[in-house]
Each structure stands twice: as C-alpha cells, then as structure tokens.
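These notes are about the structure you will find just below.
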Amino acid sequence: MKWPNDVVTADGKKIAGILAESASSGGALSQVVVGIGVNVNTAQFPDELGAVATSCRILTHVDWDRADVLADLLGTIEAYYDRFVRDGFGALSSSYEARLVQAGKRVAVERGGTRASGRVKGIARDGALVVRLDDASELELYSEQVEVIE
C-alpha cells in the first residue's frame, strides 16, 4: 500500500483507494485535489487481484446503486470535513486510528531508496502513519511505500 491511500475491509482486502495531491503558495496550503475510487459492483477480480481486492457486491452479494453510494460517500466526507475545519485533525485522529487495521503489524518501509522494517504504532496528530522501526527509532510517513509483511 502507499500510505494512506488504501481503504481495506476487516479481512485486509482493498475496497477503495484515495489519493490526495496538494499545492502550497507562500508556505500555506492553497489547494487539495482528492481522487477516490471505490470497488462497488465488481463481481470478480482477476486471479492476481482476487486475494487482495474486494467490492461491495462481493461482500454483500447485492448490486449497489452507484449514485446512492456516491451520495452517502459525499455526505460522510462533508461531515468529516466540517469537523476538520471546525476542530482540526486532532479531533478526528482517535476515530481514524481506531479504524487503522495495520496497527501493530510488521511493515517494510521504502524511503529515499532504503528499506527498513518495524511495527505500525499509530497515527500522528497531523495524520502521518507512525512506524516504530526495529532500531527503536520512529518514522512519520506521509506518502512512502509501506508493505505489510506480517
């Protein structure tokens, strides 16, 4: 996975992905563009993806109305965004961390051409993934390649 874009189910299969790109001007954030993909009505994935991907249809055995899924998704995003603007990320971090399925798992991290391993510790107040490396140091990751190895 590339932190933090994978949205996974309880069994660790990817059901959605989120990618955010931001730009700053004069040292301040000026814009963010967010792309979201959700596996809604996929009935079957190719063999190479079947072990790691799922969809709403596969999980529920029901065809979903994509407009309804989109409306629910946008409503949820708006509610979280309003809370973020009002209270900052710190107000959301405990809820976010509670859903972090990789918490405590061993991961390999690729950063700046070097690879290290450690355990996922949690989420920093600014949303970074915190990994405690085997040498006891900690990394805060924003967009590095992170692979669950255990």
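The values are calculated or read from the model by the stated rules, or taken from the named source; none is laboratory data. Every value quoted in this text rests on a predicted model; they were computed, and no experiment measured them. Reconstructed Cβ throughout: ideal geometry from the backbone, glycine too, with neighbour counts over all protein chains shown.
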**OP:** For segment 100-114, state whether one or more residues are loosely packed, with under 14 Cβ neighbours inside 10 Å, out of contact with any Asp or Glu (no Cβ under 8 Å at 6 or more places or on another chain), hydroxyl-bearing (Ser, Thr, Tyr) and closer than 17 Å to Val148 by Cα.
**Re:** yes
Subject >> Test result for Leu59, touching a residue at least 40 places away in the same chain (Cβ under 8 Å) and touching a Leu at 6+ places or on another chain (Cβ under 6 Å) >> reply: no
Original post:
Quick check: is even one residue across segment 95-108 assigned to a helix (DSSP H, G or I) and in contact with a strand residue (DSSP E or B) (Cβ under 6 Å, 6 or more places away or on another chain)?
Top reply: yes
Subject >> Subset of segment 22-67 [of a type in the set (Asp, Glu) and surrounded by 10 or more Cβ atoms within 10 Å (Cβ to Cβ)] >> reply: Asp63, Asp65
Subject >> Single match in Asp72, Asp11, Asp63 (criterion: at negative phi, in a helix (DSSP H, G or I) and not hydroxyl-bearing (Ser, Thr, Tyr)) >> reply: Asp72
Subject >> Hits in segment 40-71 (condition: within 21 Å of Val148 (Cβ to Cβ) and either under 17 Å from the mean Cα position of the chain (by Cα) or acidic (Asp, Glu) (or both)) >> reply: Asp47, Glu48, Val52, Ala53, Thr54, Ser55
Original post:
Quick one: which of Leu133, Leu74 is modelled with pLDDT of 90 or more, more than 23 Å from Lys13 (Cβ to Cβ) and either in the same structural domain as Ile18 (by TED's automatic domain parsing) or under 17 Å from the mean Cα position of the chain (by Cα) (or both)?
Top reply: Leu74
Original post:
Quick one: what pairs do we get from segment 29-52, first residue part of a helix (DSSP H, G or I), second loosely packed, with under 13 Cβ neighbours inside 10 Å and not basic (Lys, Arg), C-beta under 8 Å, 6+ apart or different chains?
Top reply: Gly50/Gln44
Original post:
Among the residues of segment 110-141, which ones are free of Cβ contacts under 8 Å to residues at least 40 places away in the same chain and in contact with a helix residue (DSSP H, G or I) (Cβ under 9 Å, 6 or more places away or on another chain)?
Top reply: Gly122, Ile123, Ala124, Arg125, Asp126
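Listed here are the residues, each with its yes/no results for (1) farther than 26 Å from Val38 by Cβ; (2) out of contact with any Gly (no Cβ under 6 Å at 6 or more places or on another chain); (3) not small (Gly, Ala, Ser).
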position	(1), (2), (3)
Trp64	no, yes, yes
Arg83	no, yes, yes
Gln102	no, yes, yes
Lys105	no, yes, yes
Val109	yes, yes, yes
Ala116	yes, yes, no
Asp134	yes, no, yes
Ser137	yes, yes, no
Original post:
Could you count how many residues in segment 113-149 are of a type in the set (A, V, I, L, M) and in a loop (DSSP other than H, G, I, E, B)?
Top reply: 4
